[in-house]
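Presented below is the structure to which this report refers.
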Amino acid sequence: MSQDKVILGSEEWCSFPELGIPTIKARVDSGAKTSALHAINIAPFIKNDSNWVKFDINPIQNNLKTIIHCEAPLVDKRIVKSSSGFREQRYVIQTSLKIGDSNWPIEMTLTNRDSMGFRMLLGREAMSGRVLVDPEKQYLLGQPTSESLKELYQNSEKAPTGLRIGVLASNPELYSNKRIMEAGEMRGHEMHFLNIKECYMRLDAETPEIHYRGGIILNQFDAIIPRIRPSITFYGCALTRQFEALKVYCLNSAAAITQSRDKLYSLQLLLHSGVGIPTTGFANSPLDTNDLIKMVGGPPLIVKLLEGTQGKGVVLAETKKAAESVINAFKSLNANILVQEFIKEANGKDLRLFVIDGKVVATIQREAMPGEFRANIHLGGTASIIKPTAEEKRIAIKAAKAMDLRVAGVDIIRSSKGPLLLEVNSSPGLEGIEGATNKDIAGEMIKAIEKNFRSKV
């Protein structure tokens with residue numbers, strides 16, 4: 001009997017003739033009961049007095065440009081629990097599956113599988129009595145070349161032409177920058193990495209311009225994503241302002257980035273918006289070190305250089321003597337300093353809430369390395385998923401709004417007085433938060449740009 005069965009590997013290519021899908025890569029999963037097909041824009045409708053459903057599919061992995069419009073008879077609506085425990089109601093269709101030389105009808109649920117590697121999951125109900133699976137093998141029935149894929153899909157509709165988006169940053173190899181470029185390309189946009197140091201500008205009332213290495217004129221962009229490292233804030237913001245003058249949409253404005261980089265001004269803005277912060281003192285080379293220490297409740301306390309970032313220029317002074325010597329050392333540099341109360345009960349942990357377009361899209365808890373007093377992934381701290389409270393979300397959204405940032409990393413610390421805001425970052429890194437939460441944050445940033453252009457249509 002087994003001779004009549006089709007032998008499949010753990011991944012195979014199949015097709016759905018009735019849906020007009022010439023070939024699609026499927027994950028063969030006998031652990032899943034139901035088969036599932038990636039679908040977007042799902043809408044039920046009536047055809048010849050019967051229930052049908054229409055939907056769109058991007059049949060090729062990592063390609064959002066190619067779209068096929070499908071319709072099929074609606075069999076059922078079912079609550080399906082995914083492998084991660086998430087329950088959702090899905091439409092169920094019946095259609096003909098062609099795999100190798102065999103062809104038989106199967107039931108499939110329709111769901112958005114954008115976060116999954118495969119556009120199609122072949123479950124055991126569809127395989128029962130017809131298939132044997134060799135999990136160590138793949139593509140036992142062959143696989144198309146990229147040329148034949150192009151040919152098969154040459155007549156399918158192309159998604160609307162993408163935007164021309166520039167990532168204005170310093171290091172093309174940085175995880176965050178690579179991910180943003182990747183996410184934009186995947187969604188069908190033309191992505192360009194623009195190195196800040198290789199851009200220069202012409203200020204002119206009639207024809208302002210931005211030039212790039214070798215004199216290329218950068219005036220044809222739809223949108224810019226500024227990712228400006230602190231050491232070149234001034235020049236990076238000047239370029240961002242020039243793009244804004246050319247009516248290019250910037251995901252974070254130059255004004256918002258500039259004020260977020262001024263620790264003192266940003267704290268004043270946040271307090272003005274009613275956001276709580278740890279008690280903070282500020283001075284320029286203070287003469288009255290004693291009163292400054294007393295002002296924030298005495299030691300232990302944190303001393304920060306006003307221009308420091310990523311945990312640099314931040315010192316914990318555990319005694320009054322230590323606080324005095326750190327403040328006096330900074331004083332000898334003629335530096336502006338912040339002195340801040342130390343939240344001991346936070347235990348070296350803080351929260352990073354990632355805000356895009358007024359919504360918290362992901363949250364992680366960062367924990368300091370043993371012996372360190374503050375959480376910092378750049379300095380070897382660890383990140384884990386955590387569910388923020390409604391109050392923490394409210395603070396993060398309010399803080400991003402107060403700073404006028406569309407994209408912000410908001411750092412919050414849990415104290416005995418409730419959640420307090422530490423700082424707001426205008427170029428938050430993606431590696432720690434994407435790695436811990438497994439969310440496509442770069443994709444969310446691209447979606448925020450798309451949303452802006454849709455609202456103008």
Let me check against my output: what whole-number percent is the relative contact order of the range 163-316, with C-alpha pairs under 8 Å and at least 6 apart? 17
To the nearest 10 degrees, the tilt of helix 263-272 (Cα long axis) against the first principal axis of the alpha carbons of the chain is 80
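As a quick test, which of the pairs Lys178/Lys349; Lys321/Lys398; Lys33/Lys77; Lys77/Lys393; Lys77/Lys447; Lys5/Lys65 have an alpha carbon distance above 26 angstrom in this structure? Mind showing how you got there, number by number?
On the way: Lys178/Lys349 28 Å; Lys321/Lys398 38 Å; Lys33/Lys77 16 Å; Lys77/Lys393 34 Å; Lys77/Lys447 29 Å; Lys5/Lys65 36 Å.
The pairs that break the limit, which is 26 Å between Cα atoms, are Lys178/Lys349; Lys321/Lys398; Lys77/Lys393; Lys77/Lys447; Lys5/Lys65.
Can you give the charge dipole size of the range 395-457 about its Cα centre, rounded to the nearest 20 debye, using +1 on the beta carbon of Lys and Arg and -1 on the beta carbon of Asp and Glu?
Using Cβ point charges on Lys, Arg, Asp and Glu, the range 395-457 gives about 380 debye.
About the Cα centre of the chain, how large is the charge dipole given +1 on each Lys and Arg Cβ and -1 on each Asp and Glu Cβ? Please answer in debye to the nearest 20. Don't jump to the answer; show the numbers that get you there.
Details: 58 positive and 51 negative charges, 169 e Å.
Using only the charged Cβ atoms, the result is roughly 820 debye.
Whole number in Å², please: accessible area per residue of the chain, 1.4 Å probe, ligands, DNA and RNA not counted.
Details: 23150 Å² over 457 residues.
Result: 51 Å² of accessible area for each residue.
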Amide H to amide H, which residues 5 or more places from Ala39 or on other chains are under 5 Å from it, using H placed in the peptide plane? Thr111, Asn112, Arg113
Per residue of the range 33-41, what does 6.51 cos²θ - 1.76 cosθ + 1.60 with θ = phi - 60° give for ³J(HN,Hα)? Whole Hz please, x for Gly and Pro, Karplus curve as stated. 6, 9, 7, 9, 10, 5, 8, 10, 6
With all protein chains in place and a 1.4 Å probe, Cys237 shows an accessible area in Å² (nearest 10) of 0
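Quantify, in whole percent, the carbon and sulfur part of the accessible surface of the chain (1.4 Å probe; protein heavy atoms only). Mind showing how you got there, number by number?
Working: 11570 of 23150 Å².
Roughly 50 percent, rounded to a whole number.
Using the Kirkwood radius over Cα pairs, work out the Stokes-Einstein diffusion coefficient for the chain at 25 °C and 0.890 mPa s, in µm²/s as a whole number. If you can, show how the numbers build up before the last one.
Values: Rh = 25.6 Å.
D = 96 µm²/s.
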Cα-based radius of gyration of the range 217-346 once divided by 2.2 N^0.38 Å, which approximates compact folds: 1.30
Can you tell which of Pro59, Ile228, Leu338 lies farthest toward the positive end of the dipole of the chain, using +1 and -1 charges on the Cβ of basic and acidic side chains (Lys, Arg; Asp, Glu)? Leu338
Which of Ser146, Ile42, Gly9 sits farthest toward the positive end of the charge dipole of the chain, with +1 on the Cβ of Lys and Arg and -1 on the Cβ of Asp and Glu? Ile42
To the nearest 10 degrees, the tilt of helix 175-186 (Cα long axis) against the first principal axis of the alpha carbons of the chain is 40
Given R₀ = 41 Å, what would the calculated FRET efficiency be for Lys137 paired with Asp76, taking r from the Cβ atoms and rounding to 0.05? 0.80
Using alpha-carbon pairs under 8 Å, 6+ residues apart, how would you state the relative contact order of the chain in percent? 11
Can you tell which of Pro419, Val92, Tyr265 lies farthest toward the positive end of the dipole of the chain, using +1 and -1 charges on the Cβ of basic and acidic side chains (Lys, Arg; Asp, Glu)? Pro419
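The values are calculated or read from the model by the stated rules, or taken from the named source; none is laboratory data. Note that the coordinates shown come from a computational prediction; the quantities given were computed from them, not determined experimentally. Positions of Cβ are backbone-derived with ideal geometry, glycine not excepted, and every protein chain shown enters the neighbour counts. Side chains included, ligands, DNA and RNA excluded: accessible areas come from the protein's heavy atoms. Shrake-Rupley method; radii C 1.70, N 1.55, O 1.52, S 1.80 Å.
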